[in-house]
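Accompanying notes for the structure given below.
The values are calculated or read from the model by the stated rules, or taken from the named source; none is laboratory data. The shown structure was predicted, so the numbers you read here are calculated from the model rather than taken from an experiment. No Cβ is skipped: glycine too gets one built from the backbone with ideal geometry, and neighbour counts run over all protein chains shown.
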Amino acid sequence: MKIKRTLLPSQPGTKALIEKFGKDLVCVRYRYDKERNKKITTAEIIVNEVEWKRNEKKTPPNKILFVTIGSSERELAALVRSAGGKWNREEKVWELAYREVKKLRLEDRLVESRKSEYEELEEYFGNK
């Protein structure tokens, strides 16, 4: 099925579902099933809400981290490259997803970026 439109509760076309689900309505999607020639309307609703606290100490497995590898450690560099690592010329470090850092047991080689988070965002969005 292909999703053609996703509407927020405040947008036209959601009135009947707002009346039915009220503040629990998150969004409305219009899906099209080519095989059955059907237009299907779905509603995403909140069914449960509980307090949740994010574990700030836990690192997401896909977070890119910086790893140091000496210039003479060619085999290790090749291993990191084969695990999806990329050489960062500016920082002179390897960039690698945390899950791969753990698999390769490189936690003791992790280093912080020299750039601030603000500088990275500026660079990413091209504000410099």
Subject >> Leading residue by the ranking (farthest from the chain's Cα centre (by Cα)) among those in the range 42-65 that are of a type in the set (D, E, K, R) and over 17 Å from VAL26 (Cβ atoms) >> reply: GLU51
Subject >> Pick from the range 9-63, criterion of a type in the set (Gly, Ala, Ser) and part of a loop (DSSP other than H, G, I, E, B), ranking: surrounded by the most Cβ atoms within 10 Å (Cβ to Cβ) >> reply: GLY13
Subject >> Index of the failed condition, GLU91 passing every other in (1) surrounded by 14 or more Cβ atoms within 10 Å (Cβ to Cβ); (2) assigned to a loop (DSSP other than H, G, I, E, B); (3) not assigned by TED's automatic domain parsing to the domain that holds LEU110 >> reply: (3)
**OP:** Give the number of residues within the range 45-60 that are modelled with pLDDT under 90 and among the β-branched types (Val, Ile, Thr).
**Re:** 1
Original post:
Given GLU100, GLU120, GLU75, which one is assigned to a helix (DSSP H, G or I) and either modelled with pLDDT under 90 or in the same structural domain as ASP24 (by TED's automatic domain parsing) (or both)?
Top reply: GLU120
Original post:
Is it true that some residue in the range 7-19 is of a type in the set (Gly, Ala, Ser), farther than 30 Å from LYS102 by Cα, within 29 Å of the chain's Cα centre (by Cα) and not assigned by TED's automatic domain parsing to the domain that holds ALA97?
Top reply: yes
Original post:
Restricting the search to the range 50-77, which residues are among the charged types (D, E, K, R) and closer than 17 Å to VAL93 by Cβ?
Top reply: LYS63, GLU73, ARG74
